[in-house]
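Novice: Next up is a structure, given as structure tokens.
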Amino acid sequence: MKGVLLVNLGSPDSPTPKDVKPYLDEFLMDERVIDVPNWLRNIIVRGIILRTRPKKSAEAYKKIWWEEGSPLVVISERFTDKVKEHTKMPVALGMRYGSMTIKNGLQELKDKGVDEVLLVPLYPQYAMSSFETVVVKTMEEKEQHFPEMKITTLQAFYKNEDYLKVLSNSIAKSLEGFNYDHILFSYHGIPERHIKKSDPTKFHCKIDGSCCATNSVAHNTCYRHQCYETTKRVTALLGIPEDKISVSFQSRLPNDPWLKPYTDFEFERFPKEGKKNLAVITPAFVADCLETLEEIAMEGKEQFTEAGGVEYKHIPCLNTDENWVAVMADWVNNWEKDGSLPS
Ligand SMILES: C=CC1=C(C)c2cc3[nH]c(cc4nc(cc5[nH]c(cc1n2)c(C)c5CCC(=O)O)C(CCC(=O)O)=C4C)c(C)c3C=C
Ligand SMILES: [Fe+2]
């Protein structure tokens, strides 16, 4: 029998340093997130970052935490429940980090008689620190615990027309009545090094956009390219002039060069350029989370208004938008019917 495993990033069990620490430990000890030799990762993560970050992160989590739990987890659960209503197949949810594991998700499906799984990493764009680590972890769990299972992966859907349409419609709805000077597409950042590492040709990506117009297999695994492509296509669907939009990258750690421009620098720059009414869209995330609700909706607003900005609007992620649920249901039902996958 066929079944579906939806996977997102995951959250700590509670917004306390005690629970945030093991979550960050699992997350940052992932070799696809902090991609240095194991001994050095140990020093950086356990010797440096985990000494101070759990307390700081827990405070941030406290500001956005819901009665039911972490917004990312609660929204993902609600989304999963809604997809279930549209399909006859078993659907389970797993998280790459934290206690709602991928292994438990696969077990839930196995218990319902599933032996053929469609794995859906809930990331529109490919990055080795998001999409790839989900696929690798799922295959490791399969080899170790569910060797009889067949797993097919739904690829990053950044240029899928149905996804782009629901995203654009939901943005258009949120923008109604908001008189913006500028729209910022803020994506989660990654170290520039990861772009080079993920380039199978080893020479295509220049990290300045000059490479994006030349067709290449590198685009299939280039996070930066896919972020700009999502932006270009959404902007076209919304009919917004190109000089009214720009792209930036948020949530960097204080090491290495990360993708630029940095979102927080843009919040300080825009008001000085007369862009005083700003809408911010976060299309690297399908569900609102710490990075959108705290860093963008709260911190971002403060940075922008302190720099002289006037009106500020964070556009919510797709979350449980019924059209988004319908698109996901179509994708999984088509796969169940004839094995086809969205392009
Ligand atoms: C869009 C997908 C994501 C990519 C790519 C990504 C890369 C990446 N992240 C970190 C470090 C942290 N990220 C944190 C939170 C976080 N990251 C994503 C998504 C991507 N990360 C989400 C959805 C969240 C929110 C989780 C939630 O519970 O709401 C955190 C934890 C919070 C904090 O302490 O800031 C860290 C740390 C790195 C290093 C990285 C690429 C190398
Ligand atoms: Fe992250």
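Novice: Specify the residue that is surrounded by the fewest Cβ atoms within 10 Å (Cβ to Cβ); the eligible residues are those in the range 266-294 that are of a type in the set (S, T, N, Q) and within 14 Å of ligand 2 (Cβ to nearest atom). So that I can check it myself, show each step before the final result.
Specialist: Taking the range 266-294 first, the residues of a type in the set (S, T, N, Q) are 277, 282, 292.
If we keep only those that are within 14 Å of ligand 2 (Cβ to nearest atom) too, we end up with 282, 292.
Numbers: THR282: 26, THR292: 28.
For the range 266-294, the residue satisfying everything is THR282.
Novice: Which residues, taken from the range 256-265, are more than 14 Å from ligand 2 (Cβ to nearest atom) and either assigned to a loop (DSSP other than H, G, I, E, B) or in contact with a helix residue (DSSP H, G or I) (Cβ under 9 Å, 6 or more places away or on another chain) (or both)? Reasoning before the result, please.
Specialist: To start, the set of residues in the range 256-265 that are more than 14 Å from ligand 2 (Cβ to nearest atom) comprises 256-257, 260-262, 264-265.
ASP256, PRO257, LYS260, PRO261, ASP264, listed by residue number.
Novice: Might you check whether a residue that is touching a Pro at 6+ places or on another chain (Cβ under 9 Å), within 23 Å of ILE240 (Cα to Cα) and either among the β-branched types (Val, Ile, Thr) or in the same structural domain as PRO90 (by TED's automatic domain parsing) (or both) occurs anywhere in the range 329-339? Break it down stepwise before answering.
Specialist: Keep residues of the range 329-339 that are touching a Pro at 6+ places or on another chain (Cβ under 9 Å), which gives 330-331, 334-335.
From the residues that got through so far, the ones that are within 23 Å of ILE240 (Cα to Cα) too are none.
No, every residue in the range 329-339 fails to be touching a Pro at 6+ places or on another chain (Cβ under 9 Å), within 23 Å of ILE240 (Cα to Cα) and either among the β-branched types (Val, Ile, Thr) or in the same structural domain as PRO90 (by TED's automatic domain parsing) (or both).
Novice: What are the residue pairs meeting all of these: first residue in the range 161-188, first residue among the acidic types (Asp, Glu), second residue assigned to a loop (DSSP other than H, G, I, E, B) and more than 16 Å from ligand 2 (Cβ to nearest atom), Cβ atoms under 8 Å, and 6 or more apart or on different chains?
Specialist: Within 8 Å, the pairs are ASP162/PRO342; ASP181/GLY274; ASP181/LYS275; ASP181/LYS276.
Novice: Here's something else I'd like to know. Could you list all residues from the range 162-189 that are among the aromatic types (Phe, Trp, Tyr) and out of contact with any Leu (no Cβ under 9 Å at 6 or more places or on another chain)? Before you say what the answer is, go through the steps one by one.
Specialist: Taking the range 162-189 first, the residues among the aromatic types (Phe, Trp, Tyr) are 163, 178, 180, 185, 187.
PHE178, PHE185, listed by residue number.
Novice: Are there helices (runs of 4 or more DSSP H) fully within the range 278-343 with at least 3 residues that are closer than 24 Å to ALA60 by Cα and more than 19 Å from the chain's Cα centre (by Cα)? List them. Reasoning before the result, please.
Specialist: Values: elements: 290-293, 301-306, 322-338.
Counting at least 3 such residues, we get 301-306.
Novice: Would you mind telling me which numbered condition in (1) in a helix (DSSP H, G or I); (2) farther than 22 Å from THR231 by Cβ; (3) free of Cβ contacts under 8 Å to residues at least 60 places away in the same chain VAL134 fails?
Specialist: Exception for VAL134: condition (3).
Novice: Could you list all residues from the range 12-33 that are acidic (Asp, Glu) and under 17 Å from CYS289 (Cβ atoms)?
Specialist: Going through the range 12-33, the residues acidic (Asp, Glu) turn out to be 13, 19, 25-26, 30-31.
Matches in the range 12-33: ASP13, ASP19, GLU26.
Novice: Is it fair to say LYS206 is out of contact with any strand residue (DSSP E or B) (no Cβ under 7 Å at 6 or more places or on another chain), modelled with pLDDT under 95 and either within 16 Å of ligand 1 (Cβ to nearest atom) or outside the structural domain of TYR228 (by TED's automatic domain parsing) (or both)?
Specialist: Considered against the rule, which asks whether it is out of contact with any strand residue (DSSP E or B) (no Cβ under 7 Å at 6 or more places or on another chain), modelled with pLDDT under 95 and either within 16 Å of ligand 1 (Cβ to nearest atom) or outside the structural domain of TYR228 (by TED's automatic domain parsing) (or both), LYS206 comes out as no.
Novice: Taking the conditions exactly as written (at negative phi and buried (at least 19 other Cβ atoms within 10 Å of the Cβ)), does VAL247 satisfy them or not? First the steps, then the outcome.
Specialist: On the way: at negative phi: yes; buried (at least 19 other Cβ atoms within 10 Å of the Cβ): yes.
Yes.
The values are calculated or read from the model by the stated rules, or taken from the named source; none is laboratory data. A quick note: this is a predicted structure, and the numbers were derived from the prediction, not measured. So basically every Cβ, Gly included, is an ideal-geometry build from the backbone, and we count neighbours across all protein chains shown.
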